[in-house]
Amino acid sequence: MDEHIPGILGGRQIFWCPGGDGYLPFCPQPTDPDDHYYCCMYFYLEVDKPSCCQYPINAGLVLDAISCISRIFSSLATLAACQNFCGLENAATIHYTEEIDLYLGAKAHTISRLAERWERAYITNYPIDLKEKGNTTTIVTRNSSFAIGHALGAMAKHLNWTRMALVHSDSFHTMANAISNTLIAEYDITIATIFPHHSDGGLNVMEHLARAVVFFGTFVDYTEFLLKAAETFTALSEFSIIFIDFYDVEPNRFYRLAANFALQHEKRAKLRILLRNTLLLTAPLNMMKIVDLLAAEYGVQKSIPFQETLLICDLLHAGLGLDEPKNRSYHGSLGHYYLSETGIVLPDYEIHWYDGTNQTLMATIFGVDPVGNMAMGIRDENSYWTSQVPPSLPVCGFDGGSCSNRLVYVAIACIGVVLAFPLTFAWYFNQ
């Protein structure tokens, strides 16, 4: 990259990053290998994250597992993207000077439209606006708001939820808003958005609006939310919490950490109730195990860029290409994927639940041929779980008014009548 100025810092060769574009101050960082000297960005959770790359290409693509991509294609050409607005020029250069079959890139709406004009496939991990996305562009990422929004929509319809609260920390603001729009527009679900996740006022409002809570945040954010909820909510057993796992944490580990947290706190009884009603929406467990094995094989740290590289590589091996039709399934080494009509890949998700002792796989969510607005389907792995999850509306309503006192009086009268007969007989025989 032209503006990467060489320098020395602490006796180590570095390159100062261009200013004003959100990059890190210099590369490589102290924790990076010496050959990661390109300043770059990767897209994660709807936000561009600065990083240091080994190649002048987006860190979310072809970073650590570049040999994986190289095994599919006879050659791989890399050029800097979007530095001093040269991304378009570089794309045109390699189009006319190289026999390019596939473009891999990041945040580049113009490249997406050019790839369609050139009749070349373009794969990205950035959720390009559908109005600006070319027809030959495929968006591949586990954590797109499109996929998670439709997964939550399928889950809500399966559980007959009509109201949901989306609680999020500051880092997840953009994604939470996008998913909220999907659930409202396409699934007709009433949504209350609560921010920040530990807001007293927000939780007080939520208690009178919804019982199904979708939580976006880190594990630390989640524990902060549990503490505040334990202090605020009066009917803890009526709430369902869906924790969205963006970090591919192993379910047993997640629930073990949460249980240990509850045990160490004075509100442990209330925290246990909330934990037992927490559902974990995460990547398939088998996929996590394979990613761990591949990370060990490549000798790299498990990271979001590495995982997204493997997803793209897996889809290419499974047959994804320019001429492949939309609305079809792909079965790769990491699992099942569905390429939707929009050109966005829908990965599988799993729903796990904790009964206070053990965690159990309850259901699998997967992409399907669209029926109405349902872009994803759901398959029960345990038939009883839907009856264990609290409804999105409390039985007696948010103010308790749906349960008439008259019914209470009738129940008391019936109990009195039932008890009167044996008591009468006992008195009679005693006389």
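Each reported figure results from applying straightforward, stated rules to the coordinates on display, with no laboratory input. Predicted, not measured: the structure shown is a model, and the values here were computed from it. Cβ coordinates were reconstructed from backbone atoms using ideal geometry, including for glycine residues, and neighbour counts include every protein chain displayed.
Data for the structure
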item	result
Inter-label distance, nm, simple model (7 Å from Cα along the C-beta direction), GLN29/SER329	4.0
Above-threshold pairs, the threshold being 20 Å between Cα atoms, out of LYS133/LYS157; LYS133/LYS326; LYS131/LYS326	LYS133/LYS157
Estimated inter-spin distance, SER199 and ASP101, nm [label 7 Å along Cα→Cβ]	5.1
Radius of gyration and maximum dimension Dmax of the stretch 302-355, Cα, Å	12.8, 47
log₁₀ of I(q)/I(0) at q = 0.09, 0.16 Å⁻¹ - the stretch 213-348, Debye sum with one point per alpha carbon	-0.38, -0.88
Of the trypsin sites (Lys or Arg not before Pro) in the stretch 103-187, those whose Cβ has at most 10 other Cβ within 10 Å and which sit in DSSP loop	LYS131
Simple label model, 7 Å out from Cα along Cβ direction - GLU341 to ARG253, nm	4.0
